[in-house]
Amino acid sequence: MATPVDIGLPSDNKLLAALPRHDFDRLLPHLSSVSLPQALVLGEAGDEVDQIYFPHNGMLSLLTVLRDGKAIETATVGREGVVGAMAGLGLYKSLVRVVVQMPMACSRIAATHFRTVAATSEPIRNLCIRYNEVLLSQARVTAACNALHSIEARFCRWLLQSADHAGSDTVALTQEFLAEMLGVRRTSVTEVASKVQAAGAIRYSRGVIRILDRAALLRLSCECYETLLDQSAALA
């Protein structure tokens with residue numbers, strides 16, 4: 001049986017917590033806290049954005065979907081961020097598929113309510129613009145990483161990101177899910193996971209990855225993990 005996710009509070013999201021009290025209080029009556037199961041699709045590319053999500057924990061994946069149906073992750077969002085915020089400035093349609101990567105809790109607000117508050121709140125409008133820059137930066141770095149770095153390095157970078165979002169060295173992910181996120185075959189994930197496990201960096205069993213040696217995992221990763229951290233800090 002899956003462990004229940006602690007729903008938490010809106011202030012568990014770092015963007016909401018950083019808002020001036022007056023602006024936070026204007027959003028609060030319209031926010032509802034919900035738990036979301038792993039692999040739930042919150043929206044497809046082309047869908048109208050009718051809900052904005054502020055994670056309290058866990059992680060959302062943003063995937064670019066090609067015409068043949070193949071998809072690859074271009075950004076991840078945890079408690080430091082928000083998904084769908086640009087709807088507050090009038091952008092109604094999503095350009096990506098949004099998937100719950102790990103069981104999570106979040107605050108959710110209808111786009112109509114969010115737009116109404118954002119129209120008279122400069123801090124909330126700035127939140128939308130600033131975090132959109134973070135996502136664009138992530139997408140650029142991830143695109144370069146996918147094109148230029150080995151599957152092993154990308155796998156390790158992705159595990160480090162996931163562990164950061166989860167706030168834990170244990171991450172529950174199936175090979176199928178990992179393969180889709182990295183845009184590779186399942187057999188490639190099996191080979192890479194076995195190699196990283198043989199190096200003593202992780203233990204992988206029955207869809208659960210435990211990081212045993214974070215320093216070793218960092219050495220096996222590419223520089224993109226630290227680049228993403230640096231760019232997110234610079235844009236925060």
Quiz item: Given a cut-off of under 8 Å on Cα pairs at least six residues apart, what relative contact order in percent is computed for the chain?
Solution: 20 percent
Self-check item: Environment charge of Ala233, counting only residues whose C-beta is closer than 11 Å and scoring Lys/Arg +1, Asp/Glu -1
Solution: -3
Quiz item: For region 18-23, what does the Karplus curve 6.51 cos²θ - 1.76 cosθ + 1.60, with θ = phi - 60°, yield as ³J(HN,Hα) per residue in whole Hz, taken in order and with x for Gly and Pro?
Solution: 7, 5, x, 4, 4, 6
Self-check item: Modelled FRET efficiency - R0 25 Å, Lys14 with Ser150, Cβ distances, 0.05 increments
Solution: 0.20
Quiz item: So, in nm, how far is label Asp25 from label Glu176 when the simple model puts each one 7 Å beyond its Cα toward the Cβ?
Solution: 4.9 nm
Self-check item: Cα→Cβ-extended label distance, 7 Å offset, between Arg185 and Ala216, nm
Solution: 2.8 nm
Quiz prompt | Rotationally averaged projected area of region 166-217 (alpha carbon convex hull; nm²) | solution = 3.4 nm²
Quiz item: What number comes out for the charge environment of Ile52, summing +1 per Lys or Arg and -1 per Asp or Glu over other residues with Cβ under 11 Å away?
Solution: +1
Self-check item: In sequence order, calculated HN-Hα J values of region 109-119 (Karplus, 6.51, -1.76, 1.60; Hz; x Gly/Pro)
Solution: 9, 5, 4, 4, 5, 5, 4, 4, 6, 4, 4
Self-check item: Where the chain is the region considered: accessible area per residue in Å², 1.4 Å probe
Solution: 49 Å²
Quiz item: For Asn132 and Val41, FRET efficiency with R0 = 30 Å and r from the beta-carbon atoms, rounded to 0.05?
Solution: 0.90
Quiz item: Which of the lysines could a cross-linker span from Lys14 if the Cα-Cα distance has to be under 28 Å and same-chain partners fewer than 8 positions apart are dropped?
Solution: Lys93
Exercise. Using θ = phi - 60° and the Karplus relation 6.51 cos²θ - 1.76 cosθ + 1.60, list the HN-Hα couplings for region 206-221 in order, rounded to whole Hz, with x at every Gly or Pro.
Key: 6, x, 10, 10, 10, 6, 9, 9, 5, 4, 5, 5, 5, 5, 6, 6
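The values are calculated or read from the model by the stated rules, or taken from the named source; none is laboratory data. This is a predicted model, so every value here is computed, not measured. Using ideal geometry, Cβ is built from the backbone for each residue, glycine included, and neighbour counts are taken over all protein chains shown. Heads up: the accessible areas ignore ligands, DNA and RNA and are worked out on the full protein's heavy atoms, side chains in. Shrake-Rupley method; radii C 1.70, N 1.55, O 1.52, S 1.80 Å.
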